[in-house]
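A quick write-up on the structure given underneath.
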Amino acid sequence: MNSTEKILKSLSADQISQVVAGVQADLDDEMVKTKRTLDQIDQNIFTCINNLKKLRRSIIISHYAKMKNNTNGIKNCQRDALLKNLDCEDEAKDLSVFMTNLSNVSSQLNAEPISNIEQLSKDILQNALPSGSFIPKTGLIDLTFVIGNIVKINDSVNEMKYKWTVYVRNAEEGIDNLAYIEKVTYFLHESYEPNHIVDVIKKPFSLTRHGWGEFVIRLRLHFKGNMNVQTDVYHKLCLNKDITVGIPMVAKEQTVKYKLLLHK
């Protein structure tokens with residue numbers, strides 16, 4: 001007879017019941033702790049998947065914004081199809097499968113790392129500008145622009161931790177509709193006073209600021225020519241507060257179209 005059996009035989013029924021109850025309580029406590037740990041792991045996985053989907057979306061938008069030879073906007077349809085497919089994807093879908101699908105749509109994917117918001121803004125805006133040989137037309141013309149904003153968040157405790165750039169860019173490469181714009185006037189939230197009204201007179205017509213909240217920006221596009229044509233468009237600044245710290249992302253874009261009669 002070993003020592004454990006001797007101890008058990010020396011205990012009364014009540015004492016044995018107390019020991020069993022104590023062991024059961026310890027097991028229950030460990031089960032609760034384990035469940036909490038698993039729940040936290042599940043939450044972390046869910047957060048990572050959401051961040052990954054946002055990063056995929058930003059890669060697609062940025063890639064097609066830089067794409068050349070976008071004849072008749074056909075590649076914009078490919079972009080929209082990919083984004084729609086992304087929204088319908090199984091959240092647990094492997095990244096390699098996603099990248100394979102992206103490669104099938106375009107054989108030239110240059111996923112270069114972006115280190116800051118200025119570089120991302122430069123890539124999106126400068127690659128939308130055609131060569132200097134483009135000659136603007138006059139008369140009744142159709143103009144299409146893309147208005148959007150990029151955002152980057154830092155890990156500062158300061159409320160002004162969002163750095164954003166709002167911009168007007170060409171919708172298609174090789175068609176320089178920006179050549180018709182004299183300047184863009186940005187009307188910001190009154191909290192930016194006295195610098196809440198800003199004129200940008202050079203391409204690319206972009207504006208970068210720091211902030212803490214979302215608001216509607218009014219952009220006034222002043223067109224060249226003796227007609228003194230100007231028009232207002234509104235863009236809801238999107239900060240996308242769930243983005244990964246330190247990674248600039250295209251938060252929102254919209255397409256606007258105009259039919260204008262312009263003279264020299």
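Just so it is clear, none of the values below were taken in a lab; they were calculated from the coordinates. Nothing here was measured: the structure is a model prediction, and the numbers come from that model. We place every Cβ from the backbone using ideal geometry, glycine too, and count neighbours over all the protein chains shown.
Which value in Å is the Kirkwood Rh of segment 157-214 over different Cα pairs? Over segment 157-214, the inverse of the mean reciprocal pair distance is 13.0 Å.
Counted by Cβ distance under 9 Å from THR144, the other residues give a net charge of -1, where Lys and Arg count +1 and Asp and Glu count -1. Once the mean 1/r over all distinct Cα pairs of segment 153-264 is inverted, what Kirkwood radius in angstroms do you read off? Over segment 153-264, the inverse of the mean reciprocal pair distance is 15.5 Å.
Could the peptides 188-197, 168-177 be put in order, highest first, of the mean number of other beta-carbon atoms found within 10 Å of their residues? Don't jump to the answer; show the numbers that get you there.
Numbers: 188-197: 11.5, 168-177: 20.0.
By packing density, highest mean first, the sequence is 168-177, 188-197.
Can you give the extra length, in nm with one decimal, that the chain gains between TYR258 and TYR234 once fully stretched, where that is 0.36 nm per residue apart less the Cα-Cα distance?
Working: separation 24, 0.36 × 24 = 8.64 nm, distance 1.42 nm.
Length difference between fully extended and current span is 7.2 nm.
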